[in-house]
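The values are calculated or read from the model by the stated rules, or taken from the named source; none is laboratory data. Quick caveat: nothing in here was measured; it's all calculated off a predicted structure. All Cβ positions, glycine included, derive from the backbone under ideal geometry; neighbour counts span all protein chains shown.
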Amino acid sequence: MSDALDDVVPQLAWLRALRDPAVTLRWSLGEWESVVRLARRLRLLARLGAGLHAVGLIDTVPEQPRRHLLAEERVSRWRTQALLWSLDRIGAALGSEPYPKVLLKGAAYVGQDLPIALGRLPSDVDILVPHAHLAAAQALLARAGWQEIALDEHDQHYYREWSHESPPLRNAQHRIELDLHHNILPPVARTRVDSDRLLERLQPSRWPSWSVFHPVDQVLHSAAHLFLDSEVRDRVRDLVDLDGLFRWFGARAGFWDELPERAGALGLAEPLALACYFCIRWLGTPIPEDTVARIAQLGPSALRRAWLLPLLRNLLTPTAPDLSPSWKQDLAATIFLARYHRNRMPMRLLVPHLWHKLHPKVRSVDLVPVTRHEVETI
């Protein structure tokens, strides 16, 4: 198995403490200050605190950083409780409808009691229902007070015809936003997935009314969510999630044999290959070498790796909290955003869509904070 940290960037060396908390015993107060500031920005500070608590080392941390760790853990527990309560109410709203109701991403990790569920800071909850039942689910949720964000006619059409999810839903009684999906990637994207193939292998969660994807499909969804997204900058937490999924599910019989085959069948070989590359080199993820070789054969090509890997390294490498991103990072972000737009819809749809989004026009002032999903429709 591969376990060499031969490409880790210096400012991420502290990530080793997430799987070996004892390394923190050697940290100076100055090192703690740097870690606390960067880990908070990367949304990993509560994860670090949870790991220290799990092995009984939280009291060995100097008082100043320990206060920050404990405070962030409290925030994590509060947000997780908000997510759990929202899921309970969403489940009640959807009732006993016969179609599957699937937890995605962070909600799925909590729904399985995975180790990576500890220390999360959820701000939304992602669920999936079959496309044929999307309208029925929307109606039931609307009856329970979940309302779509205000959108113009073009953006409403975007979500109805070109997106893999409905517009984000908000409820005055909940601090958590709801994202209702019918697929994991847009139906008009270059890389698309047949959602029926995901639904035919669902697994139970710890709650009877909710399911989760098959473990292999959870890994592939996580990789696609990161490497086919519009914004990759500073998304180290997603790599940490992938590392945790590889380590947890990798202990299951047949997982490593099935992973490359399934990635090829679903058309997700490239995001999986990128996930393996960075997890092995930055986090020391123990992935069998024969699995890595099989994934590499599926793609991306050597020519594509030559520009894609340096681009992603620039984007994923976090900037120090007191510094602004370099021009190289800004350029990489621009290139990656262009790649995202080019991949998510054909040119005949993309050109008029971008013209609509960029054409100056008077827009009403909305005092509700703009969500990441609203930005992605630009």
Filter the stretch 273-302 down to residues that are closer than 22 Å to Phe213 by Cα and aliphatic (A, V, I, L, M) and give me whichever is surrounded by the most Cβ atoms within 10 Å (Cβ to Cβ). Ala275
May I ask you to list the residues in the stretch 258-272 that are of a type outside the set (A, V, I, L, M) and surrounded by fewer than 22 Cβ atoms within 10 Å (Cβ to Cβ)? Glu258, Glu261, Arg262, Gly264, Gly267
Given the options Ala296, Ala273, name the one that is within 22 Å of the chain's Cα centre (by Cα), at negative phi and at pLDDT 85 or above. Ala273
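Being surrounded by fewer than 20 Cβ atoms within 10 Å (Cβ to Cβ) and of a type outside the set (S, T, N, Q) is the requirement here; does Pro204 meet it?
Values: surrounded by fewer than 20 Cβ atoms within 10 Å (Cβ to Cβ): yes; of a type outside the set (S, T, N, Q): yes.
Yes.
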Here are some conditions: (1) in contact with an Asp or Glu (Cβ under 6 Å, 6 or more places away or on another chain); (2) part of a helix (DSSP H, G or I). Pro300 meets all but one. Which one does it not meet? (2)
Those residues that are crowded, with 16+ Cβ neighbours inside 10 Å and either of a type outside the set (A, V, I, L, M) or part of a loop (DSSP other than H, G, I, E, B) (or both), I need them from the stretch 303-338; list them, please. Arg305, Arg313, Asn314, Thr317, Pro318, Pro325, Gln329, Phe336
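How many residues, within the stretch 154-190, are within 21 Å of Ala265 (Cα to Cα) and crowded, with 17+ Cβ neighbours inside 10 Å? Step through it out loud before you land on a result.
Going through the stretch 154-190, the residues within 21 Å of Ala265 (Cα to Cα) turn out to be 164, 182-190.
Of the ones still in play, those that are also crowded, with 17+ Cβ neighbours inside 10 Å are 164, 182-186, 189.
Adding up the residues that qualify gives 7.
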So, first residue over 18 Å from Leu226 (Cβ atoms) and modelled with pLDDT under 75 in the stretch 333-346, second residue of a type outside the set (Phe, Trp, Tyr) and surrounded by fewer than 17 Cβ atoms within 10 Å (Cβ to Cβ), Cβ within less than 7 Å, six or more apart or across chains; the pairs are Met345/Val188; Pro346/Val188
Here are some residues: Arg197, Arg201. Which one is at pLDDT 95 or above, charged (D, E, K, R) and not in a loop (DSSP other than H, G, I, E, B)? Arg197
Index of the failed condition, Trp14 passing every other in (1) closer than 30 Å to Asp196 by Cα; (2) surrounded by 13 or more Cβ atoms within 10 Å (Cβ to Cβ): (1)
